[in-house]
Amino acid sequence: MKYINGMVLLGLLFVVACGGQQQATSPAEIVVAEVGDKKITAAEFAHFVTRIPAGMHEGPTPLAINRTLLKSLIDKELLLQEAKASNLENTTWFIDELINYERSSILRLYERREIISKLNITPEMVEAHYHATRRDRSFRLGGIMVETQDEADAIYKQLQDGGEFHQLAREHSIHKESAERGGDTGLYQLRDHLAPEVTAAVADLEIGEISVPVKMLVQHEHKYTVFTILDEIPAPLEASEARIREELLIAQRNERLQAMLDSLKGVHLPQPQKQNLTLLAERVKAFKGEEFTLNEADGVLPICTFGDDGLITLWEFIATIRQMRISPLILADTDRAADMLNRRVIPEYLFMTEIINAGLDQQPEFRASIDAKHIELMVTGLRKQQVDQYLTVSKEEARKFYDDYPKKFTKPTTTIAIEILVSSDSLAQRLLAEL
């Protein structure tokens, strides 16, 4: 292994400062270090430097910083060469990780290009959703909280039979603060500020209507609450516009995704092969080893065929499931296997076919990201193989580290802001004085 001298490093400062741009004399092609047969050029070094955050540039002078960074690049190259020598690239772990990354990345790219970029949320749609989801009001809830479902059901029945809410709250609610006010929470709240289970029960209620009992987790214990709407005041669109737009975008994205999938199914005509799902389940149930495999005669059988002569083999199906980090052992259940096939594997196959036909997977920027991931996995895999598996930490060591560095485990200070909406300025001033 050879290092460059200080004068060349000083020259590199100019190359790096210029972003690695090549001059007529091509200083970027100067060899700055050699690691085995690998020659590291100034251009490669400059590119490496651009990927290192400025906060990680260590050294008292520009020359010292460059020396440290070059040493890091040399260390990285040494690790890569060792990883290649260890045949890491041919391990199941490496292949699965790289394929999973490539597939998920290109699917996200395709979604951004063909779906996300074409979504359009108009002010009229926002306004309509604002009213349809009852975000145009802020309501004051009343609640009667009890310990059990049976108690809640009994309270609900009494209210349905004409029982007086405030009286029942004073007599039965275990939430003392609101019970003293006849169940009145005393706050005007937007629906988006409530727990999801509460929102589902009360969002569409009118003033005076009663909710069914709601199961809630309160201080790590389940309680049951019957709610009513005591009052409501108008709520501005601005208070929930961001959430409204998010919901509309998700709905529109899902609609477009489903429309595209239906269209692709109409073109490629997928036909799941149920008999081979059953065969696969039998093989999984009979398997006794650690990592499930199929023999060649079974592995090449189709689990799904397509009208254009395409197919997904049992081998490919099992590999895809494994790359999704799902145990192939679930395939012993034919219903779950069929669900995975129809909901995940077939849609991915259809979209990947479109992606490949469009050449998206060959775009230079995308290929560069895959090359970078390949290198990252080589280094990560070598660390797992040569270092991590030999490391152990005892409970005593963990405790000592925790005690020695308490600030590393201190949660940042959290400020909680509570909004109280009231119907008039005079009431607001009175509340302010009380607070």
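Here are a few things to note about the model shown:
Results for (1) surrounded by 17 or more Cβ atoms within 10 Å (Cβ to Cβ); (2) touching a residue at least 60 places away in the same chain (Cβ under 8 Å); (3) in a loop (DSSP other than H, G, I, E, B), shown as yes or no for each residue.
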site: Asn254; (1), (2), (3): no, no, no
site: Leu257; (1), (2), (3): no, yes, no
site: Leu261; (1), (2), (3): no, yes, no
site: Val267; (1), (2), (3): no, no, no
site: Asn276; (1), (2), (3): yes, no, no
site: Leu280; (1), (2), (3): yes, no, no
site: Lys285; (1), (2), (3): no, no, no
site: Glu290; (1), (2), (3): no, no, yes
site: Ile303; (1), (2), (3): yes, no, no
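- A single entry from Arg191, Arg170 fulfils the requirement of being basic (Lys, Arg) and modelled with pLDDT of 95 or more: Arg170.
- Evaluation of Leu217 against the conditions (1) under 18 Å from Tyr156 (Cα atoms); (2) outside any helix (DSSP H, G or I); (3) not β-branched (Val, Ile, Thr) shows that the sole unmet condition is (1).
- Across region 24-67, the number of residues qualifying as among the polar types (S, T, N, Q) and loosely packed, with under 15 Cβ neighbours inside 10 Å comes to 4.
- Lys223 vs. criteria basic (Lys, Arg), surrounded by 12 or more Cβ atoms within 10 Å (Cβ to Cβ) and in contact with a His (Cβ under 9 Å, 6 or more places away or on another chain): yes
- Test: residue in region 182-193 that is closer than 23 Å to Ser138 by Cα and among the hydroxyl-bearing types (Ser, Thr, Tyr): yes
- Enumeration of residues in region 189-235 that are touching a Phe, Trp or Tyr at 6+ places or on another chain (Cβ under 9 Å) and of a type in the set (Lys, Arg): Arg191, Lys215
- When each of Arg113, Arg108 is tested for being in contact with a helix residue (DSSP H, G or I) (Cβ under 8 Å, 6 or more places away or on another chain) and surrounded by fewer than 17 Cβ atoms within 10 Å (Cβ to Cβ), the lone residue that passes is Arg113.
- Spans of helices (runs of 4 or more DSSP H) in region 325-398 with at least 2 residues more than 22 Å from Trp93 (Cα to Cα), among the small types (Gly, Ala, Ser) and modelled with pLDDT of 90 or more: 334-340
- First in region 186-213 and without any contact (Cβ under 8 Å) to a residue 60 or more places away in the chain, second anywhere and hydroxyl-bearing (Ser, Thr, Tyr) and outside any strand (DSSP E or B), Cβ under 6 Å, 6 or more apart: Arg191/Thr199; Asp192/Ser240; Ala201/Ser211
- Flag for Ile229 being surrounded by 17 or more Cβ atoms within 10 Å (Cβ to Cβ), closer than 30 Å to Arg113 by Cβ and at pLDDT 95 or above: no
- Some residue of region 186-194 being in a helix (DSSP H, G or I) and over 43 Å from the mean Cα position of the chain (by Cα): no
- Pick from region 170-202, criterion surrounded by 17 or more Cβ atoms within 10 Å (Cβ to Cβ) and of a type in the set (A, V, I, L, M), ranking: farthest from Thr148 (Cα to Cα): Leu190
- Note on region 330-349: residues that are within 13 Å of Pro272 (Cβ to Cβ) and hydrophobic (A, V, I, L, M, F, W, C) total 6.
- Region 174-188: number of residues that are basic (Lys, Arg) and closer than 19 Å to Gly163 by Cα: 1
- The C-beta contact set for region 159-178 (first residue assigned by TED's automatic domain parsing to the domain that holds Thr228, second residue polar (S, T, N, Q), distance under 6 angstrom, 6+ apart or interchain) comprises Phe165/Thr228; Ser178/Thr185.
The values are calculated or read from the model by the stated rules, or taken from the named source; none is laboratory data. From a predicted model like this one, the values you see are computed outputs, not experimental measurements. Methodologically, a virtual Cβ is constructed for each residue, glycine included, from the backbone with ideal geometry; neighbour enumeration extends over all protein chains shown.
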